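Report on one structure; see the data block that follows.
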Amino acid sequence: MPESSVILNDINKVFVPCRTVIEMEALTSLFLEYKNYESIKELPKTQPTSKQLIEIFKVVDIEPLERIIEYFIDVVVNRLKPIVMYAREHHARFRMGNIVAYTKTRVCLYFALHRLKLKFLIVKHFLDQFKENPSDFVKTHQNSPESLLSELYDYYSEKNLMNLKLILSKRRISERVAKLLESKNSITNEDIINALTFKHEMDEKDKIRFIMREIKASLFVCKIMFAKIDVPNPFIVPKETEIKIEDIMVDQDFLPGLINAMSKCIKDYKLDQLKNCFKAYEFMMNLVLNGINYAIELASGGQIELEIDDMIYHTGNIFIE
């Protein structure tokens, strides 16, 4: 199947019907601009109703935002069924492209996981450019170590916007969305893109907070759906059961801490310490990506198994430089 046809298939079967995932992601990200993630971290385990979530997100009587939460909780999440654990032959697993990835009752969960993994892969692709040759990395950024975070922010924003434009196709919208757009109070694709890529004057701390807020929003959306299928802790690495991958994802010592440490190493020209930072980053990033892969495998009953850089759905030319 030609590449364009494959992407078109994902647009029609995933991106259009699962627009609600992006809507919830945007709404959660906006909520986290003003509230700490800790305030909602354990909320998915309580399996909140749409009314409860509307109140928590403080969007009561804001009709377009109420509709987002109502459709997500009452339709998408409610459609999910608990996972049946059973013995299976692992050699019979399927990879990307298998029909399992398009199962209507679970496709929004896969898409939410796809988005979560994509965000980490964008960061990974940026840092992997420099990992193999730290000395050149230092020379490039020596005079302006703070530019490392600015470059990461710009790279992340560019790649995320590319992905959003792919998945929020203007030419193809579902019947539900078409009806919503007839209302003057509707949430348009442009509204969603603006919410997820909103730019204003940011200092260095705000830039990393923006990326972390994006990750936390995706994580929250995934956890709401996993709670419905009785999997409260999906992000694990079976061989490392003591490690809480979810905590690593949002830990200040991971991306915020390591990016800051890398910048300091550049400023002080400490090449050996920079190499150690890259080793720590690689170790933690691999844990995170393997944890997400395990969650995908779990959600699919073992039928979708991905390599570290694999995605469930296509991403177009996002990683083609």
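The values are calculated or read from the model by the stated rules, or taken from the named source; none is laboratory data. Worth saying up front: this structure is predicted, and the values here are computed from it rather than measured. Please note: Cβ atoms are built from the backbone with ideal geometry, for glycine as well, and neighbour counts cover all protein chains shown.
If you go through region 18-62 and keep only what is more than 15 Å from the chain's Cα centre (by Cα) and buried (at least 19 other Cβ atoms within 10 Å of the Cβ), you end up with Phe31, Ile40, Pro44, Pro48, Ser50, Leu53, Ile54, Phe57, Val59.
Note on region 131-185: residues that are at pLDDT 65 or above and in a helix (DSSP H, G or I) total 30.
For region 1-86, the helices (runs of 4 or more DSSP H) that sit wholly inside it and include 2 or more residues that are more than 23 Å from Phe111 (Cβ to Cβ) are 50-56.
Across region 77-128, the qualifying residues are those that are at pLDDT 90 or above and of a type in the set (Phe, Trp, Tyr), and the one among them that is farthest from Ala227 (Cα to Cα) is Phe126. Does Lys104 fit the bill of being exposed (fewer than 15 other Cβ atoms within 10 Å of the Cβ) and within 25 Å of Asn9 (Cβ to Cβ)? In short, yes.
Going by the structure shown, is Asn286 of a type in the set (S, T, N, Q) and either closer than 19 Å to Lys239 by Cα or modelled with pLDDT of 95 or more (or both)? Yes.
So, of the residues in region 201-258 that are of a type in the set (S, T, N, Q) and farther than 23 Å from Val21 by Cα, which turns out to be surrounded by the fewest Cβ atoms within 10 Å (Cβ to Cβ)?
Step one: filter region 201-258 for residues of a type in the set (S, T, N, Q), giving 218, 233, 241, 252.
Narrowing the set further to residues that are farther than 23 Å from Val21 by Cα leaves 241, 252.
Details: Thr241: 8, Gln252: 11.
Across region 201-258, the extreme among qualifying residues is Thr241.
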